[in-house]
Amino acid sequence: MPVETKYFGIDTVGNCDVLDITKFIKDGLDESGISNGTVTVFVPGSTAGVTTIEFESGAVNDLKEVFSRLVPENEFYAHNARWGDGNGHSHIRASILGPSVSIPFSSSSLILGTWQQVILVDFDNRPRKREIILQIIGE
């Protein structure tokens with residue numbers, strides 16, 4: 001069974017930046033030449049995560065607001081006390097969301113819902129250049 005690994009970079013502004021990365025995944029899948037299987041989308045690092053959502057302003061704002069309520073930025077975090085970088089909340093938010101998602105595909109098309117897109121959420125407190133890894137497995 002063929003396995004193809006692809007990489008792409010994306011610039012973020014941080015602070016709960018939500019970016020639609022579906023096109024990058026589709027492009028990587030097209031380049032792979034694999035028609036049927038599963039693609040795992042993974043972001044290395046501990047202050048960003050990947051999931052799916054309906055990528056429209058209301059849902060995106062709701063997602064940001066939920067993370068703001070669940071893990072407030074201005075609370076005490078032992079990570080901040082130790083490292084002084086002020087992004088303790090970023091690490092906690094990313095751990096809740098998770099660094100990866102797996103998506104099936106058939107006939108070289110991602111099997112997503114009509115209103116479902118794949119997103120990267122960068123929780124860090126500064127702009128970053130994020131690397132996204134696609135691991136495509138199939139036939």
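If you check L134, L120, L112, which single one turns out to be under 18 Å from D27 (Cβ atoms) and either over 14 Å from the mean Cα position of the chain (by Cα) or part of a loop (DSSP other than H, G, I, E, B) (or both)? Break it down into steps so the answer makes sense when it comes.
On the way: L134 fails: either over 14 Å from the mean Cα position of the chain (by Cα) or part of a loop (DSSP other than H, G, I, E, B) (or both); L120 fails: either over 14 Å from the mean Cα position of the chain (by Cα) or part of a loop (DSSP other than H, G, I, E, B) (or both).
Result of the check over L134, L120, L112: L112.
Residues I103, I111, I119, I96: which one is touching a Leu at 6+ places or on another chain (Cβ under 6 Å) and of a type in the set (V, I, T)?
That would be I103, the only listed residue that is touching a Leu at 6+ places or on another chain (Cβ under 6 Å) and of a type in the set (V, I, T).
Looking at (1) in contact with a strand residue (DSSP E or B) (Cβ under 6 Å, 6 or more places away or on another chain); (2) crowded, with 18+ Cβ neighbours inside 10 Å; (3) over 19 Å from S108 (Cα atoms); (4) among the hydrophobic types (A, V, I, L, M, F, W, C), find the lone condition where F67 falls short.
Only one criterion is unmet by F67, namely (1).
Kindly provide the set of residues from segment 21-70 that are closer than 18 Å to A94 by Cβ and among the acidic types (D, E), ordered by number. Let's see the steps before the verdict.
First pass over segment 21-70, keeping only residues closer than 18 Å to A94 by Cβ: 21, 40-53, 60, 63-70.
Within segment 21-70, E65 is the sole residue that qualifies.
Name the residues in segment 74-97 that are in contact with a His (Cβ under 9 Å, 6 or more places away or on another chain), surrounded by 10 or more Cβ atoms within 10 Å (Cβ to Cβ) and without any contact (Cβ under 8 Å) to a residue 24 or more places away in the chain, would you?
E75, Y77, H79, N80, G88, I92
Go through segment 1-54 and report how many residues are touching a residue at least 60 places away in the same chain (Cβ under 8 Å) and part of a helix (DSSP H, G or I). Explain how you work it out, then say what you get.
Taking segment 1-54 as the starting set, the residues that turn out to be touching a residue at least 60 places away in the same chain (Cβ under 8 Å) are 1-22, 24-26, 28-30, 32, 34-45, 47-54.
Still in the list and also part of a helix (DSSP H, G or I): 22, 24-26, 28-30, 32.
So the count comes out to 8.
Here, each number is a calculation from the coordinates, and none is a lab measurement. Not measured: the values here are computed from a predicted model. Backbone-built Cβ (ideal geometry, glycine too); neighbour counts: all protein chains shown.
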